[in-house]
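A short write-up of the structure that comes next.
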Amino acid sequence: MKAIIAATIIGVIMMFASILSNNKSGIVSLATVLFFFLFGINIWEVYESINATGVAAPAYLNNMMSLDSFAIWFSMLMSGCALLYILLLGKEIAKVGKHVGEYFALIAFIMVGIYLLAGYSNMLMLFIGIEILSIPQYILAGSDKRNLKSTEASLKYFLMGSFSTGILLMGIAMLYGATGSFDIINFRMLQTDALNPLALSGILFLIIGLGFKVSAAPMHMWTPDVYDGSPTPFTAFMSTIVKAGVFVAFLRLFHASFGNLTNHWMMIVAVITATTLFIGNITAVFQQSVKRMLAYSSIAQAGFMLFAILSVNATAWQGIVIYAVAYSVATIGMFAVLIKLKDYTYDGFNGLAKKEPALAFFTTIFLMSLAGIPLTGGFMAKYFVLLAAVQQGQVMWLVIFALIMAAVSVYYYFKVIIAMYFKTGEAELNHEVTGYDKLMLGITCLLVILIGLMPQLLLNL
Amino acid sequence: MDLFEAIFWFLTAMAIGSALGVILSRNPINSVLFLIATFFAISGHYILMNAQFLAIVNIIVYAGAIMVLFLFVIMLMNLNADVEPQKSRLVQFAGIISGGILFLLILAALRDMKAAGVIEKTATDIGLMKNLGKTLFQNYVFPFEISSVLFLSAMIGAMVIGKKETLVIDKN
């Protein structure tokens, strides 16, 4: 609760900061300090919830929110990722356009949405959380107004996002019709046999609506255009932290409410997972631009995260936390490298290892984590979500399929590494890589490896 | 058939008829006018369900404000001429098939809804303004307050998008 209030206030402060000051780097520094502060508040909340063991999770305001230890822990991790994001890409955000303070305000508001989604216990809060998450994203996607592609991305995202929100609302309304309640706990009363057809259609609509927000195929059509067209710093935010937030909402709803109805929705989600993995990985192979490849790879990674939804057990909850953090950290790092380059195609990476050996090394670590090579965070993340699916035991064919697809993903991630180390060329940089950049990228790299070596650090549940 | 039922069926026919008019009429202005008629019919349904506040808000906000905006946009962009590009037969056919399948599925799912014991809420006094206000500010005060964040971000968005910056066409 403290974090929600603090993030809202930070958003308002950033708005006023942009009225009072035109100094872009000053605003970036202020945002960095405020996000440190937000992370501190989150840690304070975690500390309080640890001390309050044995006490039932406080239910806020007529059961609108139930901030259990998972919700608070996950919020803390996401704040940490957002802090890392601002430290790495803060200066780049300032270069996108004129309204720097507003961009940070919108990011703070998105954090409010993520906190709501981590701990909601009422469908109304799910809806408001998703909207608070989406609307700032439509704006951030179109914030580079001098670029037609950015405007196109914003409009496409807005139109399709609004449509999918409509489907989500329809699902919520159908569930309300079936149970007479918005409380996700009350959905447990739905009978497993002879399920109310209204509730069944509601669940189907919710899968489609939430699947759109996490860019699961076949609701993924918007993803490449939006992620490719948006300004790169905001793509880094949208494809990582925001996606992880929606996944936790997805997980909470389908495990807490529909966990006993798995035979009704398991097959649908399994098919969606298989399609997402297939389309994401196979299409990524054929991309020429690394930014677009990362957009497709984000679809593919969503396919792996869907395994956590599929497997209704405790490992899935651990898996989603590790996956969210490992994937976010590596992808934010990768985008921080990408933004330094002038040319976003694979050829743009040619010979980077000779020119900037440190940068090339960090990129290699991030890409290895995304591909899921052992000793990196990505490996542990994939291990945990697939372990959850194996424990569930009903979707073994899907696990094998996912392993094949992970092998395919190695091809397009390593294409970048090969370009950096084994091809001759002159990789052009946008601007000098400063010592600060190297330090921050090094810390990000250390985090990726730390998660790979000790994933239990993230599991303080 | 008593008066209540007669009004109900009249409003239903009006809602469905004008909703079909929205998508079938070629002229966008006619579409908007049909949409206003749909909103009025739905507001009538709300009144039948004793939800007067919702009915009035529906008319003021949707039929009033939003539809005026729609008309403005259509007139400013001069869309009333029939300039919509014709879709190919194949696309039309695919659309009809997939839409029809969805319709059939939902119809099949909802056909035996009555038997499954759906909770039917009869008309109560909850839709009256006094009760609605009480519910809103007691049970649902948190969503009500937190939606201010949503509106704030939408306002920032309008400002960020609306302010003028010079357009340079991107090279790639």
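A:Tyr85: of a type in the set (Phe, Trp, Tyr) and more than 9 Å from chain B (Cβ to nearest Cβ), yes or no?
So A:Tyr85 fits the description; yes.
Filter the stretch A:174-199 for residues that are modelled with pLDDT under 80, part of a loop (DSSP other than H, G, I, E, B) and within 11 Å of another protein chain (Cβ to nearest Cβ); which is farthest from the chain's Cα centre (by Cα)? Ranking the qualifying residues of the stretch A:174-199, first place goes to A:Ala194. Taking the criterion of being in contact (Cβ under 8 Å) with a residue 24 or more places away in the chain, more than 16 Å from the chain's Cα centre (by Cα) and within 9 Å of chain B (Cβ to nearest Cβ), the residues of the stretch A:115-141 that qualify are A:Asn122, A:Leu124, A:Met125, A:Phe127, A:Ile139. The set of residues from the stretch B:38-53 being surrounded by 18 or more Cβ atoms within 10 Å (Cβ to Cβ) and of a type in the set (A, V, I, L, M) comprises B:Ala41, B:Ile42, B:Ala51. Looking across the stretch A:366-379, the residues that are assigned to a helix (DSSP H, G or I), surrounded by 24 or more Cβ atoms within 10 Å (Cβ to Cβ) and touching a helix residue (DSSP H, G or I) at 6+ places or on another chain (Cβ under 7 Å) come down to A:Phe366, A:Leu367, A:Ser369, A:Leu370, A:Gly377, A:Gly378. Within the stretch A:239-282, restricting attention to residues that are among the polar types (S, T, N, Q) and within 19 Å of the chain's Cα centre (by Cα), the residue that is farthest from A:Gly113 (Cα to Cα) is A:Asn281. Residues in the stretch B:1-19 that are hydrophobic (A, V, I, L, M, F, W, C) and within 20 Å of B:Ile66 (Cα to Cα) were compared, and the one that is surrounded by the fewest Cβ atoms within 10 Å (Cβ to Cβ) is B:Ala19.
Within the stretch B:38-72, the set of residues being within 22 Å of B:Ile23 (Cα to Cα) and not hydrophobic (A, V, I, L, M, F, W, C) comprises B:Thr38, B:Ser43, B:Gly44, B:His45, B:Asn58, B:Tyr62, B:Gly64.
In the condition set (1) more than 26 Å from A:Met65 (Cβ to Cβ); (2) part of a helix (DSSP H, G or I), A:Ala217 is compliant with all but (2). Within the stretch B:89-112, residues that are touching a residue at least 12 places away in the same chain (Cβ under 8 Å) reach no partner that is loosely packed, with under 11 Cβ neighbours inside 10 Å with beta carbons closer than 8 Å at six or more positions or on different chains.
Output yes when any residue across the stretch A:400-416 is in contact (Cβ under 8 Å) with a residue 40 or more places away in the chain, under 19 Å from A:Phe307 (Cα atoms), touching a Leu at 6+ places or on another chain (Cβ under 7 Å) and not aliphatic (A, V, I, L, M), and no when none is. There is at least one residue in the stretch A:400-416 that is in contact (Cβ under 8 Å) with a residue 40 or more places away in the chain, under 19 Å from A:Phe307 (Cα atoms), touching a Leu at 6+ places or on another chain (Cβ under 7 Å) and not aliphatic (A, V, I, L, M).
Among residues of the stretch B:124-147 being at the interface with another protein chain (Cβ under 10 Å from one of its Cβ atoms) and under 22 Å from the mean Cα position of the chain (by Cα), the one that is nearest to A:Phe109 (Cα to Cα) is B:Ser147. Per the conditions (1) at pLDDT 85 or above; (2) hydroxyl-bearing (Ser, Thr, Tyr); (3) more than 30 Å from B:Ile126 (Cβ to Cβ), the sole criterion not satisfied by B:Ser88 is (1).
Of the residues B:Leu54, B:Leu48, the single one that is under 17 Å from the mean Cα position of the chain (by Cα) and within 30 Å of B:Leu132 (Cα to Cα) is B:Leu54. Scanning the stretch A:416-430 for residues that are surrounded by 12 or more Cβ atoms within 10 Å (Cβ to Cβ) and at pLDDT 85 or above yields A:Val416, A:Ile417, A:Ile418, A:Ala419, A:Met420, A:Tyr421. In the stretch A:94-104, the qualifying residues are those that are within 10 Å of chain B (Cβ to nearest Cβ) and closer than 11 Å to A:Leu140 by Cα, and the one that is surrounded by the most Cβ atoms within 10 Å (Cβ to Cβ) is A:Tyr103.
Can you confirm whether A:Met78 is away from chain B (no Cβ under 14 Å) and either at pLDDT below 85 or under 30 Å from A:Glu92 (Cα atoms) (or both)?
yes
Within the stretch A:446-454, does at least one residue satisfy the condition of being within 21 Å of the chain's Cα centre (by Cα), exposed (fewer than 14 other Cβ atoms within 10 Å of the Cβ) and under 18 Å from A:Pro357 (Cβ atoms)? Within the stretch A:446-454, one or more residues are within 21 Å of the chain's Cα centre (by Cα), exposed (fewer than 14 other Cβ atoms within 10 Å of the Cβ) and under 18 Å from A:Pro357 (Cβ atoms).
Quick check on this structure: which one of A:Thr165, A:Thr223, A:Thr240 is out of contact with any His (no Cβ under 6 Å at 6 or more places or on another chain), part of a helix (DSSP H, G or I), β-branched (Val, Ile, Thr) and surrounded by fewer than 19 Cβ atoms within 10 Å (Cβ to Cβ)?
Only one candidate qualifies: A:Thr165.
Kindly check whether there is at least one residue in the stretch A:30-48 that is of a type in the set (Gly, Ala, Ser) and more than 15 Å from A:Met111 (Cβ to Cβ). Taking every residue of the stretch A:30-48 in turn, none turns out to be of a type in the set (Gly, Ala, Ser) and more than 15 Å from A:Met111 (Cβ to Cβ).
The values are calculated or read from the model by the stated rules, or taken from the named source; none is laboratory data. Model, not experiment: these values are computed from the prediction. When we count neighbours, we look across all protein chains shown, and the Cβ atoms used for this are built from the backbone with ideal geometry, even at glycine.
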